[in-house]
Amino acid sequence: MTTAIEWSISGIDTTLHTSMKPFHYDQFTWDSVPRFDICDRRYFNTAEVKFHRDHLIQIEEDDFQFYMDIVLDLNLGRDFGDTSSWQDTVQIFNNTRGLAFYGQIGERVGIHATVFENQTQFRNWMFNLTDSLAVIPGQGRFKELESNARDYNSATGIVSVKATDWLQVHFGQGKHFIGNGYRSMLLSDVAFNYPFLRLQGTFWKNRIQFTSVNAELNNLERLPLGEVPESLFKKKGFTFRYLNIIPHPRFEVGLYEGVIWQRWDSTGTKAYPAPFFIPVPFAATGIYGLDSLQNSVVGVNLKAKITDHLYLYGQGVADQEELRFTGFQAGFHWREFPFHNMSLQFEYNEGGQGIFTHRNPLQSYSHMNQGLAHPLGTNFKEYVVILRHGVKRLWSEWKGVYQIHDGGNRGNIAVPPDIVLSSLHEPGTTLLSDLRFGYLMNPTTNLNMILGWSWRSRETETGALNSSYYYMQFRLALFNRYYDI
């Protein structure tokens, strides 16, 4: 869905900001977005309309709109590449049920909320990864069910207020993404939801967009027990300031500063220092530097529109003085190539040894044991190729990923940079291929029926683990899942 939206606002003559996500509802005209145009198909009963065009519950008055949908993500498959006893003793599946709510009050207030309940039996390698991270990637903590299945839940809730014509205020629980690629080396939606306050203003005839976010994150380490039966997790503050500039319709330049703020030390819980509340880009880094207990990550995001159908993008990031720990991204997205109704995306990502980590593990650039940027964390190289094709409501997608892991901690950066966790994190390579064929059943809700095949091979000095997974999926896709690691 995000890809279709981004293409609709990426013409060479437009001055709309595309790198700060999620977008807000009135940032563009929905009728201009492919797959969201007005449907002229004839429907014969209410059930067909609800299933193929409208929200389940839809209330539209002059100054009030409310929508509700049942969220389902049902997945069933078999891994023919796993020769271990795992495939013979479990049934691989995903069972997600939930609700999604959307609303608009007048012209200035909007709401969005979701709640999900999940049970999943993962493939062998994915099960091992969730054990290593102690979380489901992107979806938080879990509890064990029979046959080693996982039970977990999540919720989001965001209120948006258009304070003035140039200022948007968002607060609630959710995620953010900065960039124009498949991954982000600055800030991604790969980790779990977190509470936040977001201020976003546009200036200079929409050529400048400034975003300021204050949030609170968790380390999966408990506070001293005290008198409660289960103590809370040690928290840390998170702020990011993102200044995006469009000096020419063909170019977009963004400057990023993310800071992890210390909330806990041997003396107990610490109050936020005054700079935490200052919505000024690079103020915190200017005060504390790049190598303090307030862990700063700085970077740049670039986008160049070559034609209406081709743009280049890239990122650079550093989080230590003298630029010792660095990373970058480079890629392009080409629509109508190599054929009509097709697009090709290529991307390279690299993270240096120790990037996003910190000498104090509680201050790593992470949330609930997952990095806030690239899902591989540190010390990696990655190539991504994505081919997409769509004709009306039929679509297909192939994604190929090749990753080189040079050791380190592979995804879990909540440890010092010189610690190796286990055999899961030893040097090696991973090759993934995912082919999907889908039918968009409802463009309004993004409900899809999918048949797919996912192949994965990870090789290390101690051996190889292969997976060849065929699956069927019925999904109302509201968020990204990054299981390609």
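The values are calculated or read from the model by the stated rules, or taken from the named source; none is laboratory data. This one's a predicted model, so the numbers in the text were calculated from it and none came from an experiment. We place every Cβ from the backbone using ideal geometry, glycine too, and count neighbours over all the protein chains shown.
Report yes if Asn244 is touching a residue at least 24 places away in the same chain (Cβ under 8 Å) and under 23 Å from Ala318 (Cα atoms), otherwise no. First the steps, then the outcome.
Details: touching a residue at least 24 places away in the same chain (Cβ under 8 Å): yes; under 23 Å from Ala318 (Cα atoms): yes.
Here the answer is yes, as Asn244 does meet what is asked.
Does Leu99 satisfy the criteria of being closer than 24 Å to Asp319 by Cβ, of a type in the set (A, V, I, L, M, F, W, C) and part of a strand (DSSP E or B)?
no
Run down His333, His358, His340 and say which single residue is assigned to a loop (DSSP other than H, G, I, E, B) and either in contact (Cβ under 8 Å) with a residue 24 or more places away in the chain or touching a Pro at 6+ places or on another chain (Cβ under 8 Å) (or both).
On the way: His333 fails: assigned to a loop (DSSP other than H, G, I, E, B); His340 fails: either in contact (Cβ under 8 Å) with a residue 24 or more places away in the chain or touching a Pro at 6+ places or on another chain (Cβ under 8 Å) (or both).
Going through His333, His358, His340 in turn, the sole match is His358.
Mind listing whichever residues of segment 252-301 are in contact with a helix residue (DSSP H, G or I) (Cβ under 8 Å, 6 or more places away or on another chain), surrounded by fewer than 19 Cβ atoms within 10 Å (Cβ to Cβ), among the hydrophobic types (A, V, I, L, M, F, W, C) and in a helix (DSSP H, G or I)?
Phe276, Ala283, Ile287
What are the residues in segment 453-485 that are buried (at least 16 other Cβ atoms within 10 Å of the Cβ) and without any contact (Cβ under 8 Å) to a residue 24 or more places away in the chain, if any?
The answer is Trp453, Ser454.
Can you tell me how many residues in segment 149-182 are more than 25 Å from Val71 (Cβ to Cβ), of a type outside the set (A, V, I, L, M) and outside any strand (DSSP E or B)?
Residues in segment 149-182 being more than 25 Å from Val71 (Cβ to Cβ), of a type outside the set (A, V, I, L, M) and outside any strand (DSSP E or B): 6 in total.
For segment 180-201, state whether one or more residues are over 19 Å from the mean Cα position of the chain (by Cα) and free of Cβ contacts under 8 Å to residues at least 12 places away in the same chain.
No, that holds for no residue.
Take segment 192-219 and flag every residue that is hydrophobic (A, V, I, L, M, F, W, C), surrounded by 21 or more Cβ atoms within 10 Å (Cβ to Cβ) and farther than 15 Å from Val169 by Cβ.
Phe192, Leu217
Within segment 313-330, work out how many residues are crowded, with 21+ Cβ neighbours inside 10 Å and in a strand (DSSP E or B).
5
Only one of these conditions is not met by Ser154: (1) hydroxyl-bearing (Ser, Thr, Tyr); (2) surrounded by fewer than 18 Cβ atoms within 10 Å (Cβ to Cβ); (3) over 20 Å from Pro279 (Cα atoms). Which number is it?
For Ser154, the exception is condition (2).
Has segment 240-248 got any residue that is surrounded by 13 or more Cβ atoms within 10 Å (Cβ to Cβ) and of a type in the set (Ser, Thr, Tyr)?
Yes, some residue in segment 240-248 is surrounded by 13 or more Cβ atoms within 10 Å (Cβ to Cβ) and of a type in the set (Ser, Thr, Tyr).
Sort out which residues of segment 302-312 are assigned to a strand (DSSP E or B) and touching a strand residue (DSSP E or B) at 6+ places or on another chain (Cβ under 7 Å), and write them in order of number.
Leu302, Lys303, Ala304, Lys305, Ile306, Leu310, Tyr311, Leu312
Pick from segment 431-447 the residues that are at pLDDT below 95 and polar (S, T, N, Q): which of them is farthest from the chain's Cα centre (by Cα)?
Ranking the qualifying residues of segment 431-447, first place goes to Asn442.
Any residue in segment 117-135 that's modelled with pLDDT under 95: show its pairings with residues that are part of a loop (DSSP other than H, G, I, E, B) and not hydroxyl-bearing (Ser, Thr, Tyr) at Cβ separation under 6 Å, as long as the two are six or more apart or on different chains.
Asn124/Asp82; Leu133/Asn369; Leu133/Asn412; Ala134/Asn369; Val135/Arg141; Val135/Met368; Val135/Asn369
Among (1) out of contact with any strand residue (DSSP E or B) (no Cβ under 7 Å at 6 or more places or on another chain); (2) in a loop (DSSP other than H, G, I, E, B); (3) surrounded by 15 or more Cβ atoms within 10 Å (Cβ to Cβ); (4) not polar (S, T, N, Q), there is one condition Asp62 misses while meeting the rest; what is its number?
(3)
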